[in-house]
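The values are calculated or read from the model by the stated rules, or taken from the named source; none is laboratory data. These numbers were taken from a predicted model, which means no experiment stands behind them. Quick reminder, even Gly has a Cβ in these numbers, built from the backbone with ideal geometry, and neighbours come from all protein chains shown.
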Amino acid sequence: MSLRAQIGLLLAAVVAVYANSLANGFTLDDELYILRNPQVTAPSIRLLLQPNPASNVFRPVTFLTLAANWAFAGYRPFGYHLVNLLLHGAASLLVLLVLRQVLEGRPARESVSFAAALLFAVHPIHTEAVSSVVGRSELLAATFLLAAWLLHLRDRPLGAFCAFALALLSKESAAALVVVLVAGDWARGKLKPWTRYAAMAALTAVFAGLLWKAQGGRLGSPNISVLDNPLILLPAHLRAVNALRVAWKYVGLLLFPAVLSCVYSYNQILLYSDLRHTLPALLGFLVAVAAWAVALIKRQVAYAVAGAVYFAGFAATSNLLMLTGTIMGERLAYFPSVGFCLLIAVLGQRLAGSRKGVAAGLLAAIVALAGARTVLRNRDWRDNATLYSAAARAVPGSAKVRCFQGSVYLGEGRLEAAREEFRRALDTLPGYPEAVEGMAFVEARSGNQEKALELMRQALEMSVRQDIDYDYRAVNLAALEIQMGKLDEALELLNREIAEAPAYSRAWSNRAALLFRLGRTQEARRDSETALRLDPGNLQARNILDRLRAPLEAAPLR
């Protein structure tokens, strides 16, 4: 099959399995990183070159592309999903071109490269990276990383250097490239001048230094929660062996992606300290590393490259080198899966031998099954309700998922079902602020405002200032206090919230509503204008300004 035909089939496969993602809405963290992110809604060079205020991540290229989407279409999801689909198509194409170059001179180079790229294009584990808008950081980092690798192989060092810089500025895990370049070139027996590797390593070091400074003298999130990454509870040696157990779960999903989830938080993945549960994972890891080392020594190119991509790709996110913000996430397998797909393609080719018809039939069957699973999984990402319901079936032991499902029931008006889900979340993780707040919403909807107020205050007391949802929770409490006529308490809370988080638009608009209610119209006007400056889409602030032109009407509170 010609290269042009392979490219056509590959891109057709991408469109076929991800076309239905274009009808999806926004889900999970999309609101946090788009609607509530001034780096996207009101971008500037200064803002883009700062860590994200909510999560402390430093990904200016990713946020720049989201800002471009915002400029064209605002908070309408189609364009965001279209860009993600195009990026996945570009990444799949680059996988094909890179592997053809890496395997140059090896038997069955064209068929193995095509098979690996096709598996990568349709694998269901990638749905989180593609169908979730904020999965774009994975897509961008992998696409630029693969472009840098291809340019390196074609002896275009300046282009490779620039593409690598863009990859790092998309997501920090792109630092894996240096290991991949050295291992791949060594296995091929075609090492480049040492200055090229030195330049890439120097860029990685400079980026790490800038990232360390930008993130306040540390690498990674300053506040890792037990909810998102329970490995934080363990000493270093137990954290490492349990992280290896998680690593084998990725292998399981890559081999058999039947049950997928957007969340693997506490307490879905159990942690162990005994040898019966931890030793097999450690021994398996050592065997895998030893096999990779043998492939490198013997210069078995396909196996050596597959191992380099897989191990280096997971190095920054595996919780082995340092703790990250999550114990496990399917999106994190996006680039490492290139290594897995290459390994499967090589093993399939060896199994089929010279029987090309068998190899083609096997590949077609795997691609058809994987593609069908991807199409079905994309439907789970249609909105939060479908996503949370799917997660509740997949990972019922997760406190966060129980809370998510409770919020779905709350939105549907199924108050008792919501109460039961929030209770189950609290049984799994006592003192979980989101679940306590969910209980408060149930009580408020049931007409029990005093109980709702008590729970809302408990939820805020359980939270720390660094929590992503702290500001949202504080304003919710203030809004409830306003509804109950506790105006002094509400004003005190909103004053404190604005002093501590002056960039949070919703606090300004809620204080504006309260001041309007108190007849302090000039102050209400100033707060509404500030809220709109911070978030031009703040409807509450816009409505208050409209009502200031009709002072007999009451300002809405929410």
Name, by its number, the condition in (1) in a helix (DSSP H, G or I); (2) exposed (fewer than 14 other Cβ atoms within 10 Å of the Cβ); (3) at pLDDT below 95 that does not hold for residue 217. (1)
Answer with yes or no whether residue 286 is free of Cβ contacts under 8 Å to residues at least 24 places away in the same chain, more than 24 Å from the chain's Cα centre (by Cα) and over 27 Å from residue 112 (Cβ atoms). yes
Here the qualifying pairs (Cβ atoms under 7 Å; residues six or more apart or on different chains; first in region 202-213 and touching a residue at least 12 places away in the same chain (Cβ under 8 Å); second assigned to a helix (DSSP H, G or I) and not acidic (Asp, Glu)) come out as 203/161; 203/164; 203/165; 204/175; 204/178; 207/168
Going by the structure shown, is residue 158 among the hydrophobic types (A, V, I, L, M, F, W, C) and closer than 15 Å to residue 314 by Cβ? no
If I filter region 68-78 down to residues being touching a residue at least 12 places away in the same chain (Cβ under 8 Å) and assigned to a helix (DSSP H, G or I), which single residue comes out as surrounded by the fewest Cβ atoms within 10 Å (Cβ to Cβ)? 78
Restricting the search to region 405-423, which residues are within 15 Å of residue 446 (Cα to Cα), part of a helix (DSSP H, G or I) and of a type in the set (Lys, Arg)? 419
Kindly indicate which of 187, 174, 160 is among the aliphatic types (A, V, I, L, M), in contact with a Phe, Trp or Tyr (Cβ under 9 Å, 6 or more places away or on another chain) and at pLDDT 95 or above. 160
Restricting attention to region 5-54, and to residues there that are outside any helix (DSSP H, G or I) and hydroxyl-bearing (Ser, Thr, Tyr), which single residue is surrounded by the most Cβ atoms within 10 Å (Cβ to Cβ)? 27
Does residue 302 meet the test of being closer than 23 Å to residue 101 by Cβ, of a type outside the set (Lys, Arg) and over 19 Å from the mean Cα position of the chain (by Cα)? yes
From the list 463, 505, pick out the single residue that is of a type in the set (Ser, Thr, Tyr), under 26 Å from residue 223 (Cβ atoms), in contact (Cβ under 8 Å) with a residue 24 or more places away in the chain and in contact with a Phe, Trp or Tyr (Cβ under 8 Å, 6 or more places away or on another chain). 463
If we take region 79-196, then helices (runs of 4 or more DSSP H) inside it with 1 or more residues that are in contact with a strand residue (DSSP E or B) (Cβ under 9 Å, 6 or more places away or on another chain), free of Cβ contacts under 8 Å to residues at least 24 places away in the same chain and buried (at least 19 other Cβ atoms within 10 Å of the Cβ) are none
From the options 335, 311, residue that is assigned to a loop (DSSP other than H, G, I, E, B), closer than 21 Å to residue 143 by Cα, under 20 Å from the mean Cα position of the chain (by Cα) and in contact (Cβ under 8 Å) with a residue 12 or more places away in the chain: 335
Would you be able to say whether some residue in region 511-520 is charged (D, E, K, R), within 22 Å of residue 545 (Cα to Cα) and outside any helix (DSSP H, G or I)? yes
Tell me whether region 94-104 contains one or more residues that are within 15 Å of the chain's Cα centre (by Cα) and at pLDDT 90 or above. no
Among the residues listed as 189, 159, the single one being assigned by TED's automatic domain parsing to the domain that holds residue 90, of a type outside the set (D, E, K, R) and in contact with a Leu (Cβ under 8 Å, 6 or more places away or on another chain): 159
With the requirement that a residue be at pLDDT 95 or above and either crowded, with 16+ Cβ neighbours inside 10 Å or outside any helix (DSSP H, G or I) (or both), what does region 345-381 give you? 370, 371, 373, 374, 375, 377, 378, 379, 380, 381
Being surrounded by fewer than 16 Cβ atoms within 10 Å (Cβ to Cβ), of a type in the set (S, T, N, Q) and assigned to a helix (DSSP H, G or I), is that true of even one residue in region 471-489? yes
Please work out which one of (1) under 25 Å from the mean Cα position of the chain (by Cα); (2) hydrophobic (A, V, I, L, M, F, W, C); (3) at pLDDT 90 or above; (4) under 30 Å from residue 154 (Cα atoms) is the condition residue 198 fails and give its number. (1)
In the set 63, 58, the lone residue that is in contact (Cβ under 8 Å) with a residue 24 or more places away in the chain, part of a loop (DSSP other than H, G, I, E, B) and touching a Leu at 6+ places or on another chain (Cβ under 7 Å) is 58
Could you tell me which numbered condition residue 441 fails, if it satisfies all but one of (1) under 30 Å from residue 127 (Cα atoms); (2) surrounded by 19 or more Cβ atoms within 10 Å (Cβ to Cβ); (3) among the aromatic types (Phe, Trp, Tyr)? (1)
